[in-house]
1. Just one of (1) more than 28 Å from residue 201 (Cα to Cα); (2) not in a helix (DSSP H, G or I) trips up residue 66, so point out which.
2. What are the pairs with Cβ atoms under 9 angstrom where one residue, in region 129-154, is touching a residue at least 12 places away in the same chain (Cβ under 8 Å) and within 19 Å of residue 65 (Cβ to Cβ) and the other, located anywhere, is assigned to a strand (DSSP E or B) and of a type in the set (Asp, Glu)? Sequence gap at least six, or different chains.
3. Quick one: which residue in 97, 157, 86 is modelled with pLDDT of 95 or more and closer than 30 Å to residue 58 by Cβ?
4. Looking at 209, 162, 192, can you tell me which residue is at positive phi and either over 16 Å from the mean Cα position of the chain (by Cα) or buried (at least 18 other Cβ atoms within 10 Å of the Cβ) (or both)?
5. Could you list all residues from region 74-107 that are part of a helix (DSSP H, G or I), touching a residue at least 60 places away in the same chain (Cβ under 8 Å) and under 13 Å from the mean Cα position of the chain (by Cα)?
6. Whether any residue in region 166-189 is farther than 21 Å from residue 21 by Cα, of a type in the set (Asp, Glu) and either in a helix (DSSP H, G or I) or open to solvent by 70 Å² or more (accessible area, probe 1.4 Å) (or both) is what I want to check.
7. Which one of these does residue 103 not meet: (1) farther than 26 Å from residue 143 by Cβ; (2) buried (at least 20 other Cβ atoms within 10 Å of the Cβ)?
Amino acid sequence: MEQLQEFLQTVKESDNIVFFGGAGVSTESGVPDFRSVDGLYNQQYDYPPETILSHSFYMAKTAEFYRFYRNKMLCLSAQPNAAHKKLAELETAGKLKAVITQNIDGLHQAAGSKRVLELHGSVHRNYCRRCGKLFDARYILDSERVPQCDECGGEIKPDVVLYEEGLDRRTMEDAVYYISHADMLIIGGTSLAVYPAAGLIDYYQGNKLVLINKSTTPMDGRADILIQGSIGEVLGQIEG
């Protein structure tokens, strides 16, 4: 409780906040974390999710990739939760300068956030590998097997970063800029286990590092304020 009160007071006093979030921010909107493999998953797929979501698997078994992608990654009915909404409010108030996310669901933008750095891309952007035409997520969801371009017949690929693919250099540079200039860095809903994204914490130079997560992370010892709990419930208590 003491840590929560310190957090709420620190938010009041800060006007250059950056938020860095992961899957835990979206699971509270009903978006499944693909790493939490359930029994149903084991019945449906012959490969672990990290294998299916790799570049080499996409190239070799594209139809099977899309079967998993449609079932597990396209949660188009999900709505922003209290965390997404509060972050958008803080940005509108001029206190939050950027949201840096590992999620690909677009829920931060749906809540009203304007400056969102998507480290791993977005399901809402898809492009023809032959002619470059863009398609939305609904087009992918409504297609069958491997989605094809309606103009040239080329294969469509999601603009998401698969395993074995590098992160977008400009997005990483922008993330480093915002984190290194922040007076307060709030990290929420991430295990801080996936690199290079997790390495971004090293660029923070301030003394208001906040970690909000339901489970422990390798970085807990570095936090100035450590809160174990729901990211939506914690951020939802910020006034204003």
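The values are calculated or read from the model by the stated rules, or taken from the named source; none is laboratory data. Fair warning: this is a prediction, and the values are worked out from it, not measured in the lab. Every residue, glycine as well, gets a Cβ built from its backbone with ideal geometry; the counts of neighbours run over all protein chains shown. Please note that ligands, DNA and RNA were not included when accessible areas were found on the heavy atoms of the full protein model with its side chains. Shrake-Rupley method; radii C 1.70, N 1.55, O 1.52, S 1.80 Å.
1. It is condition (2) that residue 66 fails.
2. Here the result reads 129/155; 130/155; 146/155; 147/155; 149/155, each pair linking region 129-154 to a residue that is assigned to a strand (DSSP E or B) and of a type in the set (Asp, Glu).
3. On the way: 97 fails: closer than 30 Å to residue 58 by Cβ; 86 fails: closer than 30 Å to residue 58 by Cβ.
Criteria check complete, one pass: 157.
4. Values: 209 fails: at positive phi; 162 fails: at positive phi.
Exactly one residue qualifies, and that residue is 192.
5. Across region 74-107, the qualifying residues are 83, 107.
6. Step one: list which residues in region 166-189 are farther than 21 Å from residue 21 by Cα, which gives none.
No, that holds for no residue.
7. Status for residue 103: all satisfied but (1).
Quick grid of which residues meet (1) among the polar types (S, T, N, Q); (2) surrounded by 20 or more Cβ atoms within 10 Å (Cβ to Cβ):
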position: 33; (1), (2): no, no
position: 57; (1), (2): no, no
position: 60; (1), (2): no, no
position: 70; (1), (2): no, no
position: 87; (1), (2): no, yes
position: 98; (1), (2): no, yes
position: 113; (1), (2): yes, yes
